[in-house]
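Right, one structure below, let's go through it.
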Amino acid sequence: MKFIDLNPHGGIGANCSFCEVDGFRFAIDSGLHPKFAGRESLPDHSVVERNSLDFIILTHCHLDHLGSLPLLSREHPDAPVLLSYGSSVLSRRMLSNSISVMRRQRSELNLPELPLYGRGDLSSLYPRMKPLSTDEPLAVEKDGRSIEITLHHAGHVAGAVSVTVQASKERIFFTGDILFNDQRTLGGARVPLSEVDVLVTETTRGQASRDPSRLREAEIVSLLEVVRKTLSKGGSVLLPIFALGRMQEMLVILDDAFRRKAIQKVPVFCSGLGMDLVNHFHEISQNSKELRFNRKVLKSVGARPLPRKLIPGRSLPMQGIYLVSSGMMVENTPSYMLATSMLGEARNSILFVGYCDPSTPGGKLLETKPDEPFEFKEVDWVEPVRAKIHQFDLSGHADREELVALAEKLSPKTIILHHGDPDSRDWFSSTLSPLGAKIIDPEPLVTYET
């Protein structure tokens, strides 16, 4: 197999991989880099000759995997897009929202090339999508040759899949973003454990082992205890949340806690894309055994919309739990604006439930010590850090030891490291070397052969 990482920045970002095996040319994912904007956020599609792909595979609908798919599909209009049923539902809302965000960024960032695609591109893309059932091989034929593509439930987020490609002389397994543990709304990954020739594995969590005392359900218990204490003191809780997957899971967690009287019943304020996705999660749950979600949870928790206009530093309208995006408290998002009103009061808590890039406001807040001033630069506002700040590990990615155990079971001859920062890849390269496999840590835009 030929393999090229088309993410020009390397690491985690504009995820897009070009592969060629048995004369079949295909791409896996086509995302946007979350740290960049405009053309700088794109994979380098120019490496692939136009209209030369036989098919495209989408592993899931986070924008670092999905966000530039309309552009790739525009360049390869004859290539069907193979994806799960869940992703076929979610991709429409995620891409529509992406256009709206790019239109706003056009003026905010003075980038005249935005938006990078329009509604017409989406209308052309959707008929090319071919939803596949998991664990049911699809034979793709060309010039008398054939390969099989099989999608497997990956557990990362609704619709996420791992992929097996069976060629004439090679069996290749792509983990995609994968989680083996169950979430409250989604079962853990179910992948085949038969031997493969090539393993392409994510390496997201390679920098550190998980503390055994901080397993997922234990983290939820700890989170709810902080929520309970905060509410009992008359404070409010801000949960900066990722719109796709984490918001819907947190709604279920809060509903269960209210029902068990584990926490005081207070209003739950929600907003943004995550609220829109509730209906899509409900639809997927009704038509798929993988997802457990019902939109009635909104009524059950008493979800309310945020005030239309959030003023920096203005007191909250009432005590409650504020479940809003973005998960990293990115500038000008509801979580960022609400933090200006909550950070200066000791009775409040700001609780992060996922990874925060150190360069984002959320990452910087986690590094700021109590009582030190914290600057909200975008709104010219400064507050001392008096609220309780905590981070809980509800990651959607497998622990590094779990991925090593998977590699040992699959016994690949070649391992390609993917979706991880340099330190994470270094750990995997060192730890996997005793397996005797050829290990490739691909440089961007360089061709490798297995």
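The values are calculated or read from the model by the stated rules, or taken from the named source; none is laboratory data. Given the structure is predicted, the values throughout are model-derived calculations rather than measurements. Heads up, the Cβs are rebuilt from the backbone with ideal geometry, glycines too, and the neighbour counts pull from every protein chain shown.
Annotation: of all residues in the range 246-287 being among the polar types (S, T, N, Q) and within 22 Å of PHE392 (Cα to Cα), the one that is farthest from the chain's Cα centre (by Cα) is GLN264. Filter the range 111-128 down to residues that are of a type in the set (D, E, K, R) and closer than 20 Å to VAL89 by Cβ and give me whichever is surrounded by the fewest Cβ atoms within 10 Å (Cβ to Cβ). Looking at residues that are of a type in the set (D, E, K, R) and closer than 20 Å to VAL89 by Cβ, I get ARG119.
Kindly evaluate ARG228 against the criterion of being closer than 20 Å to GLN391 by Cα and basic (Lys, Arg). Considered against the rule, which asks whether it is closer than 20 Å to GLN391 by Cα and basic (Lys, Arg), ARG228 comes out as yes.
Picking from residues in the range 416-450 that are out of contact with any Phe, Trp or Tyr (no Cβ under 8 Å at 6 or more places or on another chain) and among the charged types (D, E, K, R), the one that is surrounded by the fewest Cβ atoms within 10 Å (Cβ to Cβ) is GLU443. When the range 1-54 is limited to residues that are closer than 24 Å to MET94 by Cα and charged (D, E, K, R), the one that is surrounded by the fewest Cβ atoms within 10 Å (Cβ to Cβ) turns out to be ARG39. When you go through PRO442, PRO412, PRO358 one by one, which is the residue that is under 29 Å from ASP5 (Cβ atoms), free of Cβ contacts under 8 Å to residues at least 12 places away in the same chain and either in the same structural domain as CYS16 (by TED's automatic domain parsing) or not acidic (Asp, Glu) (or both)? None of the other options fit; the residue is PRO358.
Kindly establish whether GLY188 is in a loop (DSSP other than H, G, I, E, B), under 21 Å from the mean Cα position of the chain (by Cα) and not charged (D, E, K, R). So GLY188 passes the test. May I ask you to verify whether HIS33 is under 16 Å from ASP421 (Cβ atoms), in a loop (DSSP other than H, G, I, E, B) and out of contact with any Gly (no Cβ under 9 Å at 6 or more places or on another chain)? So HIS33 does not fit the description; no. Of all residues in the range 129-165, those being more than 27 Å from the chain's Cα centre (by Cα) and surrounded by 19 or more Cβ atoms within 10 Å (Cβ to Cβ) number 1.
The set of residues in the range 249-308 being among the small types (Gly, Ala, Ser) and not in a helix (DSSP H, G or I) consists of ALA262, SER271, GLY272, SER288, GLY302, ALA303.
State all residues of the range 64-81 that are buried (at least 22 other Cβ atoms within 10 Å of the Cβ) and out of contact with any Phe, Trp or Tyr (no Cβ under 6 Å at 6 or more places or on another chain); if no residue qualifies, say none. Those that are buried (at least 22 other Cβ atoms within 10 Å of the Cβ) and out of contact with any Phe, Trp or Tyr (no Cβ under 6 Å at 6 or more places or on another chain): ASP64, HIS65, LEU66, GLY67, SER68, LEU69, LEU72, SER73, HIS76, VAL81. Screening THR340 with (1) surrounded by 22 or more Cβ atoms within 10 Å (Cβ to Cβ); (2) among the polar types (S, T, N, Q); (3) not in a loop (DSSP other than H, G, I, E, B) gives one miss only, at (1).
Only one residue in SER341, SER326, SER315 is of a type outside the set (A, V, I, L, M, F, W, C) and within 30 Å of PHE180 (Cα to Cα), so which one is that? On inspection, the qualifying residue turns out to be SER326. For the range 403-415, the criterion of being part of a strand (DSSP E or B) and surrounded by 15 or more Cβ atoms within 10 Å (Cβ to Cβ) is satisfied by at least one residue.
Among (1) small (Gly, Ala, Ser); (2) closer than 22 Å to LYS309 by Cα; (3) part of a helix (DSSP H, G or I), where does ALA243 come up short? All conditions are met except number (3).
Only residues that are among the charged types (D, E, K, R) and either over 27 Å from ASP423 (Cα atoms) or at pLDDT 95 or above (or both) were counted across the range 183-213, and they come to 5. Quick one: in the range 355-384, of everything that is of a type outside the set (Phe, Trp, Tyr) and in a strand (DSSP E or B), which residue is farthest from GLY313 (Cα to Cα)? Filtering the range 355-384 for residues that are of a type outside the set (Phe, Trp, Tyr) and in a strand (DSSP E or B), the one farthest from GLY313 (Cα to Cα) comes out as PRO373. You will find that of LEU277, LEU273, LEU323, LEU238, the residue that is outside the structural domain of LEU66 (by TED's automatic domain parsing), more than 26 Å from SER96 (Cα to Cα) and surrounded by 18 or more Cβ atoms within 10 Å (Cβ to Cβ) is LEU238 and no other.
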